[in-house]
1. Using the structure shown, decide if SER227 is of a type in the set (Gly, Ala, Ser), surrounded by fewer than 18 Cβ atoms within 10 Å (Cβ to Cβ) and closer than 19 Å to GLY445 by Cβ.
2. Please enumerate the residues belonging to region 12-68 that are on the phi > 0 side of the Ramachandran plot and out of contact with any helix residue (DSSP H, G or I) (no Cβ under 7 Å at 6 or more places or on another chain).
3. Does THR136 qualify as being among the β-branched types (Val, Ile, Thr), buried (at least 17 other Cβ atoms within 10 Å of the Cβ) and touching a residue at least 60 places away in the same chain (Cβ under 8 Å)?
4. Can you tell me which residues in region 360-404 are in contact with an Asp or Glu (Cβ under 8 Å, 6 or more places away or on another chain), of a type outside the set (Val, Ile, Thr) and crowded, with 22+ Cβ neighbours inside 10 Å?
5. Only residues that are out of contact with any Cys (no Cβ under 9 Å at 6 or more places or on another chain), in a loop (DSSP other than H, G, I, E, B) and not aliphatic (A, V, I, L, M): list them for region 212-261, please.
6. Listed residues LYS339, LYS367; which is farther than 29 Å from ASP30 by Cβ, touching a helix residue (DSSP H, G or I) at 6+ places or on another chain (Cβ under 7 Å), of a type in the set (Lys, Arg) and assigned by TED's automatic domain parsing to the domain that holds LYS312?
7. Within region 1-44, take every residue that is without any contact (Cβ under 8 Å) to a residue 40 or more places away in the chain and basic (Lys, Arg) and give me the one that is surrounded by the most Cβ atoms within 10 Å (Cβ to Cβ).
Amino acid sequence: MKYEAVKNYYDGNFYESVSTESLDVVSPIDGNHLSKVPMSGVEELNKAVESAKNAFPKWSNTPIKERVQVFFKYRYLLEKNFEELTALVSEENGKTWDEAKAEVEKSIELTEFACSMPQLVSGEILEVSKGVECRTEHFPLGVVASIVPFNFPLMVPNWTMPNALVLGNTMIMKPSELVPLSCLRMAQLLKESGLPDGVFNIINGGREIVEAICAHEDIEAVSFVGSTKVAKLVYQQATHNLKRCIALGGAKNHLFVLPDANPSMTASNVTASMSGCAGQRCMAASAMLAVGNVDSIISQICDEARKIVPGKNLGAVISKAAKERIENYITEAEKDGAKILVDGRGAIVEGKENGTYVGPTVIDYVKPEMSVATEEIFGPVISIMRTENLDEALRIENANPYGNAASVFTQSGGAARYVMEHASAGMIGVNIGVPVPREPFSFGGWNDSRFGANDITGKSSIEFWTKLKKTTTKWNPEAGINWMS
């Protein structure tokens, strides 16, 4: 075991769990045993919540200009520890070095946005009647919780933590039990940044902790990122217990490829989108809608896919179970009549035989009713469905229950605009394979890819992490009486 056993974090200290149940933390790169993570119980969650509850009055009453100074220091420490964090993300998640590096860079960008909050939540004031003023102010909610997934061990925690804390809340974070190490390092950096004890807390565990978070009477809001099946349950349980909740689920992102698309740009973008982070991201290209004759572009996509080599420029998938599930999807599609143009099954990396790798896979002649066309595979696999026209392609995209992202590849502004207006997705790309908005624009999909109001990042997150107070004032009696006073 390379690292010591994972501990919970509250009151500014690390505590060994009292639970006797734990899971091994294994690197997908080579199968090495990294650590073990406890399956903590409700009593340990209660301690963390009490820590956050006790820290809230002082932290929330600290001026935002002072709160944000902690995050200027935190940003500096992310940069100072850049190489270490990159290595840790790669090791526990299986990403390539460049992908892990990009995740740390994005965490820095997210922190920079949080540092701009004093300029974004200054409130408004207006004289609404002679001598009468109305003003608005953002107030923190209290203790909030963030349940984060395995696919981005550092970035997704930084989607929620900096914004929620800068806005005056205190937080409980529940990392994925598959990748708990990056969150723990994040807690250490926050402590070094001067964050007061109890403002940020970590509880490790599984389903029991998630359900306890959704039910805890002292937790005001819950954010969740994971599969749609679990996102629905979290949203239902949290809102049933009268909490705010935003729960981001899975995706089946469609790429519309038109005959006039730039061949080389399209091929490189489609391939990078479907294989980046081993396809384990909710913005990955998963389904390609070939509109008309785009055979030459498909051929180039296959050429690009063959340049992607597991263990070199393609990372591992998270576990043996994930590898088996992804390969079963490919086999099922083949049995159902689809044509495997590039086959990533059975990938083995020399010297890392215990790693869990799936090679890039391109499947053609997929029918809209096949499971590879409708379900989230979460691997480096793209399914090509051929359509005669754009309206047919849009009907397929609109019929899918997810709605995270969609992209169109074309040189026609009119066709691009048509997709932008008619695709049923919250994030749209034009000649971009991964249309992730950059700060201050917010991240969030539609339909079964998101449950709840607002988005999880950017300006939209301010409304989720705060409550608005409206104050009307009148000091001058000579203003007289009207319908307002």
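1. yes
2. Matches in region 12-68: GLY31 only.
3. Taking the combined requirement at face value, the residue does not satisfy it.
4. TYR402, GLY403
5. HIS216, GLU217, ASP218, GLU220, GLY226, SER227, LYS252, PRO259, ASP260
6. LYS367
7. LYS36
For every residue, the table says whether it meets (1) surrounded by fewer than 24 Cβ atoms within 10 Å (Cβ to Cβ); (2) modelled with pLDDT of 95 or more; (3) under 20 Å from GLU44 (Cβ atoms).
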{"residue": "LEU141", "(1), (2), (3)": "yes, yes, no"}
{"residue": "ALA145", "(1), (2), (3)": "no, yes, yes"}
{"residue": "VAL148", "(1), (2), (3)": "no, yes, yes"}
{"residue": "PHE152", "(1), (2), (3)": "no, yes, no"}
{"residue": "VAL156", "(1), (2), (3)": "no, yes, no"}
{"residue": "THR160", "(1), (2), (3)": "no, yes, no"}
{"residue": "GLY168", "(1), (2), (3)": "no, yes, no"}
{"residue": "SER176", "(1), (2), (3)": "no, yes, yes"}
{"residue": "PRO196", "(1), (2), (3)": "yes, yes, no"}
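The values are calculated or read from the model by the stated rules, or taken from the named source; none is laboratory data. Remember, predicted model here, so these are calculated numbers, not experimental data. Please note: Cβ atoms are built from the backbone with ideal geometry, for glycine as well, and neighbour counts cover all protein chains shown.
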